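> Before I ask anything, let me first share the structure, which is written out below as structure tokens.
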Amino acid sequence: MADLQSQDYIRRSATTLTPPSVRNHEAEVAKLIDVTRCIGCKACQAACMEWNDLRTEMQSFEGSYDNPKDLDPSTWTLMRFTEHETADGNLEWLIRKDGCMHCEDPGCLKACPAPGAIVQYANGIVDFISENCIGCGYCVKGCPFNIPRISKVDHKSYKCTLCSDRVGVGLEPACVKACPTGAIMFGSKADMADWAGERIVDLKSRGYENAGLYDPPGVSGTHVMYVLHHADKPSLYAGLPDDPKISAAVEFWKGLIKPVALAGVALAAVSGFLHWVVAGPNEVQPEDEVEAQHLLAAERSKRDTENRYIADEPA
Amino acid sequence: MTRPRGTLIRNTTVTRLNHWLTAACFVLLMLSGLAMFHPLLFWLSALFGGGQWMRAIHPWIGLVLVVSYAGMIVQFWRDNLWTRDDVAWALAINKVLANEEEGVPEVARFNAGQKMVFWSMALLIPVLLFTGILVWDYYFEAFSSVETQRFALLIHSLAAIAAIIIWITHVYAAIWVRGSMRAMTQGYVTPGWAWRHHRKWFRSLAATGSTGPRPGNAADKTHK
């Protein structure tokens, strides 16, 4: 994939130059996950495993429908089940398909130190290019959604690719194809936003006053969006961040201090060189050696006198 | 090591080995750290056999550095204790920089600049160790939150940059003050060097007839 779409990058990790970007007449894509229509069947999870040839380790049941318990290097999407009790005492089963949000401003890519290990295509998909990944885990720190997972076996970082290999040849992502209720849609981002708008009008007419689209501006929007019944409180949905942003620590670390630190190091080295040119080496002079010998001789004779005095003492 | 007659021991063999182990670790950590810090320097990862190897080896080298620097602290802390003379020396830094050491307070085994290098590293290395362990994901990922690790990385970078700038100062001073490099490679200095740069140390050696590195060393009686 990396080779097929290498003229299609709009962002490339740890790269100070403009990536190849002539193929710029490409529509941004988005996956729309309508949480209000999800029945929790996990067909999307199965389809993801099947298309991407992923099988995670068998785990044990611990009282939750979440299976496996968390995202891992072999689990790129995961249904997260939340039992929510509404103000009037009803139970709502909030089922959110978790996975990479494909941020327009990807924190993982910003944090990544390995050139070309994380790229963003012109259609908005954020992809990990494993051959360049060094396994440092900086992407984990950069991500506001807690998505990437590093394999303990091959030390590479993994997450949903939005089926970039399928999308690249005009297919929809595997999870979209498998969804039996149409809760997962895929298309241009504009179309998905329009469709979400219709759904939200419908939901509001049926009593979900706070229904809305989750396309968080803190990361300049995402290429995976949710329709939520409670868009005023995204955190109800298994901790979906209310206002996701790249951490200020990461922004500072990857922003201002990079050039300032290198300049500081360079300045220290240049200062040393200039001092050498202006003041020059500090060399021991012949007088120093003479003075030193005088002192040594004086101290030696002083000690000799004392020793003689001690020797003269009767035992 | 054969030492020319009449010279003084500045650093023992143990000290020198300890110093160069620390130095080797520091340089390797700096190169690998800078490669992961700035994309313009990522090519340095090739020195370690590629990014994966570099990422894997960096923390282990760090552990060796910590142990090695602990050895430096054991050997050097006493001679690096801060005194009132150090303030006067630091205030006369302009004269020192101009190579005019006459009239500057006499210096014992280490001057204020050397002491600052010593104590800065003694502070920064534990900071680098602690923050580094927090982001050593293979073993310690589960021990802290991701938000803690974000700040750990930021502090780790800032401390490392400070350490690198101090290291540059340290290396340049060794080049600038002639004879210092030999003091750490072959271990000895001439009496004139000691008179010029560390007169108080020299006086204490002369008064006890010691050939260094510390006054009153009984083992040196044979050299008299």
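The values are calculated or read from the model by the stated rules, or taken from the named source; none is laboratory data. Predicted model only: the values in this text are computed from it and were never measured. Neighbour counts run over all protein chains shown; Cβ positions are idealised from the backbone, glycine included.
> Which one is nearest to the other protein chains (Cβ to nearest Cβ), of the residues in the range A:227-262 that are out of contact with any strand residue (DSSP E or B) (no Cβ under 7 Å at 6 or more places or on another chain) and over 23 Å from residue B:151 (Cβ atoms)?
Going through the qualifying residues, I end up with A:233.
> For residue A:49, indicate whether it is buried (at least 18 other Cβ atoms within 10 Å of the Cβ) and either β-branched (Val, Ile, Thr) or in the same structural domain as residue A:193 (by TED's automatic domain parsing) (or both).
Yes.
> Tell me which of these residue A:213 doesn't satisfy, since it passes every other one: (1) outside any loop (DSSP other than H, G, I, E, B); (2) under 24 Å from residue A:186 (Cα atoms); (3) touching a residue at least 60 places away in the same chain (Cβ under 8 Å).
Going through (1) outside any loop (DSSP other than H, G, I, E, B); (2) under 24 Å from residue A:186 (Cα atoms); (3) touching a residue at least 60 places away in the same chain (Cβ under 8 Å) one by one, residue A:213 breaks only (3).
> Within the bounds of the range B:151-161, is there any residue that is in contact with a helix residue (DSSP H, G or I) (Cβ under 8 Å, 6 or more places away or on another chain), surrounded by fewer than 21 Cβ atoms within 10 Å (Cβ to Cβ), within 11 Å of chain A (Cβ to nearest Cβ) and of a type in the set (S, T, N, Q)?
Checked against the condition, which is being in contact with a helix residue (DSSP H, G or I) (Cβ under 8 Å, 6 or more places away or on another chain), surrounded by fewer than 21 Cβ atoms within 10 Å (Cβ to Cβ), within 11 Å of chain A (Cβ to nearest Cβ) and of a type in the set (S, T, N, Q), the range B:151-161 yields no hits at all.
> Oh, and also: Across the range B:106-150, which residue is farthest from the other protein chains (Cβ to nearest Cβ) among those that are closer than 17 Å to residue B:27 by Cα and in contact with a Phe, Trp or Tyr (Cβ under 8 Å, 6 or more places away or on another chain)?
Ranking the qualifying residues of the range B:106-150, first place goes to B:122.
> Among the helices (runs of 4 or more DSSP H) lying completely within the range B:1-106, list those that include at least 1 residues that are surrounded by 16 or more Cβ atoms within 10 Å (Cβ to Cβ) and touching a residue at least 24 places away in the same chain (Cβ under 8 Å).
Helices (runs of 4 or more DSSP H) meeting the threshold: B:13-37, B:51-76, B:84-91.
> Search the range A:140-168 for residues that are within 14 Å of chain B (Cβ to nearest Cβ) and at positive phi and pair each with any residue that is surrounded by fewer than 23 Cβ atoms within 10 Å (Cβ to Cβ) and among the aromatic types (Phe, Trp, Tyr) when their beta-carbon atoms are under 8 Å apart and the residues are at least 6 apart or on different chains.
Correct list of pairs: A:155/B:138.
> Of a type in the set (A, V, I, L, M, F, W, C), under 24 Å from residue B:170 (Cβ atoms), touching a strand residue (DSSP E or B) at 6+ places or on another chain (Cβ under 9 Å) and modelled with pLDDT of 95 or more: does that describe residue A:224?
no
> Same structure, new question: Among the residues that make up the range A:251-273, is at least one of them part of a loop (DSSP other than H, G, I, E, B) and touching a residue at least 24 places away in the same chain (Cβ under 8 Å)?
Checked against the condition, which is being part of a loop (DSSP other than H, G, I, E, B) and touching a residue at least 24 places away in the same chain (Cβ under 8 Å), the range A:251-273 yields no hits at all.
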